[in-house]
1. Go through 180-191, 44-55 and give me the packing order, highest mean Cβ count within 10 Å leading.
2. For R171, what residues show an amide H to amide H distance below 5 Å, using hydrogens built from the backbone and excluding near sequence neighbours?
3. In debye, nearest 20, what is the charge dipole magnitude of region 2-112 about its Cα centre with +1 on Lys and Arg Cβ and -1 on Asp and Glu Cβ, if you could check?
4. With a ≥ b ≥ c the root eigenvalues of the C-alpha gyration tensor of region 316-456, is it rounded (a/c under 1.5), prolate (a/b larger than b/c) or oblate?
5. How large is the dipole of region 139-232 about the Cα centre if only Lys and Arg carry +1 and Asp and Glu carry -1, each at its Cβ, rounded to the nearest 20 debye?
6. Once Lys and Arg get +1 and Asp and Glu get -1 on their Cβ, which of V143, V98, F84 lies farthest toward the positive end of the dipole of region 58-196?
7. Which GluC sites (Glu not before Pro) does region 132-235 hold that lie in a coil by DSSP with at most 12 other beta carbons within 10 Å?
8. About the Cα centre of region 316-456, how large is the charge dipole given +1 on each Lys and Arg Cβ and -1 on each Asp and Glu Cβ? Please answer in debye to the nearest 20.
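Derivation of every value follows stated rules applied to the coordinates shown; laboratory data play no part. As the structure is a prediction and not an experimental result, all values here were calculated from the model. When we count neighbours, we look across all protein chains shown, and the Cβ atoms used for this are built from the backbone with ideal geometry, even at glycine.
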Amino acid sequence: MISVLLKAGRNRILPSVFGSIALIATADWAIGNRASLGLLYMLPMMAAATVLSAGPVVALAAACSALRSWFDIPAPQLEILLRFVFAFAAYAGSGLFVIGLIRTRTAEMEHQAKIRREQELRREAEEQLRILVESSPAAIMTVDRGGVVLAANRAADRLLMLPENETLRGRPIGGYLPVLSDALQFDPGDSGLRAAAQCQGFRDNGEVFLANMWMSTWNDPAGKHLAAIVVDSSEDMRDREEESLRQMLRANQIAAAAVSHEVRNLCGAISVVSSNLRQDHSLDGNQDIRALQSLVTGLEKISSIELESHRLDSLERVPLKSVLDDLRIVIEPQWREIGGRIGWSIPARTPEVLADRYGLLQAFLNLARNSHRAVQESQRHELAISVRSAGGRVTVRFEDTGPGVSSPERLFAPFQPGADGTGLGLYVSRAVVRSYGGDLRWERSDAGSCFVIELRSAESESYD
């Protein structure tokens, strides 16, 4: 009944309530002293309580009690007063009871609605999480304290190459990813384990792959559990190793060309001496002189490789800003360790250049490391890297606060005495940049040393 009244609304209930009270009062007056209909006022009181607050209900209870006393059976004054008090208490109590009942019911309905919303949100979140896990290209799994897989997505089954219609769930993880099994034996305390690892994994067919994984452990009443995300990094490792091999071959070729260049210079000197000896007629027919000349000719052929004429098989359009971002990741921690600072002046729109990405990064890295060594001899440890583009050329400037260069004429000479390593760093870097159609040069600077790499802009030239 309360639900029906609540649905009826205030505009319908209040006229009905006042009409009922008037009807009851009229009937009570018509009956006269024979009986009292005061009990019937309970009905409009409870109906009114469904749309009125406590104050109006109490006032209406007082009005109904007054009407009841007015048309009640004659009695002594004290008894009339007691009847009024009891009637008021009954009417007000019934109204307040209905109000309390409605509030309780409303609160319960709101609580149930809140629970339903939370359940819907939880189901929606669980569904989204399930879709995320199932659609993830990374293998995601949970493992119990015994090393048995509790749950795994389809990517995990594909990663470990399980047979069709078979799943990783219920299998020991130790045979596939031993690191996860070992992690369950490690006790990090109440905080749990949060770690990343790279290790060898084993597929169901025995194939070995390189696995990158992120894992965490937690404890519950059932014991320790582990969750892990695993990806196959074998392709990245192959690409990295192939690129490393390609760079090593290029570096070896450049080093061999540098040696050939020096040997050629020596051969030129030996050839001059040999020619002078042959001009002495007494030695013109000497077999040793002829043999020496043959050796010189052979060495000249061997050393005929010119480093500057070496060109890469193909150049590519390289985003210069991306290369500088990679450089930033590599060198900034080293400068922070010595309390240094690197200033970057890179335009928002940096053009692409014609180069080889890894070779260009190595040239940048060589200049940055030279500056890193140089500034340690100075009070200020600063390096400024700036980029400018004009006339189809892009210049990258490395300017540090080191002590400067004492012998600029020997900067790019190979095998310099006193240099770190083989003394080929600047020589090879310039050769690499020149192979891209660019150049590497030194410029005078008041602050310290300044090296400028000039590259061809890919946006101003068509290159096949």
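1. 44-55, 180-191
2. V149
3. 220
4. oblate
5. In debye, rounded to 20, region 139-232 gives about 100.
6. Comparing the listed Cα positions along the dipole, F84 ranks first.
7. Numbers: sites: E134, E164, E166, E207, E235; in loops: E164, E166, E207.
Qualifying residues, ordered by number: E164, E166, E207.
8. Computed charge dipole of region 316-456: roughly 300 debye.
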